[in-house]
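No value in this document is a laboratory result; all are computed from the given coordinates. The structure presented is a predicted model; accordingly, all values stated were derived computationally and were not measured. Cβ: placed from backbone, ideal geometry, glycine included. Neighbour counts: every protein chain shown.
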Amino acid sequence: MKLKIISLLCFLMVLGMQGQELKSNQIQKLETFGIEYKPLIIENPNYGVEFMEILKKERKRKTSKTVGYIFSGLGLLTTTGGILILTSIKNSSNNSNSEMDESGAYVALAGGIITVIGINEIGISIPLFFSSRKNKKERDKLIMKFNPNFKE
């Protein structure tokens, strides 16, 4: 029983050590920032943590920006659709010179709700873009430590 526990602990320790090394695509990403991974990691193995932080900030930045674009695009489409529904109801009620009937009221309500949902989607995208910019600034500060000439 003790042997199994010791073997399991040794296996878990080896897994933990393996996870600290960067993969080839991560090293390539660092090289796009002008960071030479191999000489720096040989110089100071503790730089690996900072390299992982740079990659984490970059991943957060890209994700926030992508989701922000998705929400802003959906928001524009939804808002436009809601406005088109509202204007089509108003145009059809003006042509008949009568008050809006019950089904027209429901359609107008749906158009208003769709417009509000679209505006909310656009509102959600704004903080995502701010978050993306903040992560970019933090990432750039970390990159400047290894590549003072970095400009993106």
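Here are some notes:
- Annotation: aspartates and glutamates with alpha-carbon distance below 20 angstrom to Lys56 (same-chain offsets under eight excluded): Glu21, Glu31, Glu36, Glu138, Asp140, Glu152.
- Here r is the Cβ-Cβ distance between Ile126 and Met52 and R0 is 30 Å; the resulting FRET efficiency, rounded to 0.05, is 0.55.
- Of Lys23/Lys134; Lys38/Lys137; Lys29/Lys151; Lys38/Lys134; Lys38/Lys62; Lys60/Lys141, pairs whose Cα-Cα distance is over 23 Å: Lys23/Lys134; Lys38/Lys137; Lys38/Lys134; Lys38/Lys62
- Loop-located GluC sites (Glu not before Pro) in the stretch 15-75 (DSSP state not H, G, I, E or B) with no more than 11 neighbouring Cβ atoms inside 10 Å: Glu21.
- Point-to-point label distance, Ile117-Glu31, nm (Cα→Cβ direction, 7 Å offset): 4.7
- Couplings for the stretch 78-84, taken from phi via the Karplus curve 6.51 cos²θ - 1.76 cosθ + 1.60 with θ = phi - 60°, read 5, 4, 4, x, x, 5, 5 Hz in order; Gly and Pro are left as x.
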